[in-house]
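Undergrad: Please find one structure pasted underneath; my questions will follow.
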Amino acid sequence: MRTISRVFIIGNGVAGAENQCFGLVRALGLSHRQTLFRVIRPKGGINKRLQWLPVSLHKRLENVRRLIYGDPLPTQIAVRGHKLLSLAAERQVSSDILEANAKYIAALSCEAFAKDGPSLVVIQHPRSRLNRFDLVITPRHDYYPLTPEGQKQIPWFLRRWITPRTSPERHVDAADTWHDELATIPKPLLVVNVGGPTGHCRYGTDLAVELTALLLNIVPTCGSIRVSFSRRTPSKVSDIIWKELGNHPKVHIWNGQGPNPHMGHLAFADAFVITADSVSMLSEACSTG
């Protein structure tokens, strides 16, 4: 049997989604062979209203718009970001992330197959026919036996045998990586993860006001509070939280610079406050036990 020679991760720029891909590759022991590509949508202007379109169609429409208005067509671009090799290396390694191009990735895989062996491509839900794929792995929060419908169909005495177990290895690795920074801060540690509004979970400054009032009310019972935002967090939300909590001695707000402390927070937090827009953030917190 030939071993996998390289891994191509196709991300979408959303940390919660890409972390699931990184975690899967790390669990397979293939982190040292991974390369991250990222699907990049056109931005600005009317493109804000076209995010629901398939990426390929969205790009074609943008190219047509550029031709009509005489704008230069986009070239293959690279985005600065982190290529995660291991949790230890995560804090210091960064490289260019190329825009995902299916034909280019397929060509790389075909060229390397005869010499180095097969490649593995890891993507999020492709919104396409799943029978076209060799293997489909669903996260625990999408696992059918855990849904109400699945619970009705599966006898109770069989559920524990077919339900996936939570693996603590990544939390152990994160504890080692972030030990010097987080192990000695005053306890209990409350971690606050703020996402951003979605079509199914809408909010704005009202959430920021309610959240800061909640945190100011419970801060006397906490040793430390660490707050982090996602790329989707509106500035009007983060600005209020910075204004109300930024100078409090017990509160540390990640400013988005340097390594993302998310995995360290999962490893060391005693409690979480998480906005309800992200199933990924909620599931990761639940996985800590």
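The values are calculated or read from the model by the stated rules, or taken from the named source; none is laboratory data. What you see is a predicted model, and the numbers here were worked out from it, not measured in a lab. Every residue, glycine among them, receives a Cβ derived from its backbone with ideal geometry; neighbour counts consider all protein chains shown. The protein model used for the area step is the full one, side chains on, heavy atoms only, and it has no ligands, DNA or RNA in it. Shrake-Rupley method; radii C 1.70, N 1.55, O 1.52, S 1.80 Å.
Undergrad: List pairs: first in segment 40-53 and within 17 Å of Val14 (Cα to Cα) and touching a residue at least 12 places away in the same chain (Cβ under 8 Å), second open to solvent by 100 Å² or more (accessible area, probe 1.4 Å) and of a type outside the set (D, E, K, R), Cβ under 6 Å, 6+ apart or cross-chain?
TA: none
Undergrad: Right, something else. Within segment 182-232, track down each residue that is among the polar types (S, T, N, Q) and within 15 Å of Trp242 (Cα to Cα).
TA: Asn193, Thr205, Thr212, Ser228, Ser230
Undergrad: Hey, another quick one. Among residues belonging to segment 238-247 that are in contact with a strand residue (DSSP E or B) (Cβ under 7 Å, 6 or more places away or on another chain) and among the aliphatic types (A, V, I, L, M), point out the one that is farthest from Pro197 (Cα to Cα).
TA: The residue in question is Leu245.
Yes or no, residue by residue, for (1) in a helix (DSSP H, G or I); (2) open to solvent by 50 Å² or more (accessible area, probe 1.4 Å); (3) modelled with pLDDT under 85; (4) among the hydroxyl-bearing types (Ser, Thr, Tyr):
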{"residue": "Met1", "(1), (2), (3), (4)": "no, yes, yes, no"}
{"residue": "Phe22", "(1), (2), (3), (4)": "yes, no, no, no"}
{"residue": "Arg26", "(1), (2), (3), (4)": "yes, yes, no, no"}
{"residue": "Gly29", "(1), (2), (3), (4)": "no, no, no, no"}
{"residue": "His32", "(1), (2), (3), (4)": "yes, yes, no, no"}
{"residue": "Ile46", "(1), (2), (3), (4)": "yes, yes, yes, no"}
{"residue": "Gln51", "(1), (2), (3), (4)": "no, yes, yes, no"}
{"residue": "His58", "(1), (2), (3), (4)": "yes, no, no, no"}
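Undergrad: So how many residues does segment 104-158 have that are hydroxyl-bearing (Ser, Thr, Tyr) and modelled with pLDDT of 85 or more?
TA: Residues meeting the conditions: 3.
Undergrad: Keeping to segment 34-44, report how many residues are crowded, with 17+ Cβ neighbours inside 10 Å and either polar (S, T, N, Q) or within 26 Å of Lys115 (Cβ to Cβ) (or both).
TA: 3
Undergrad: Working only within segment 107-133, note down all residues that are open to solvent by 60 Å² or more (accessible area, probe 1.4 Å) and outside any helix (DSSP H, G or I).
TA: Selection gives Val121, Ile123, Gln124, His125, Arg127, Arg129, Phe133.
Undergrad: Oh, and also: Kindly indicate whether Pro249 is more than 22 Å from Thr221 (Cβ to Cβ) and assigned by the TED database to the domain that holds Lys187.
TA: no
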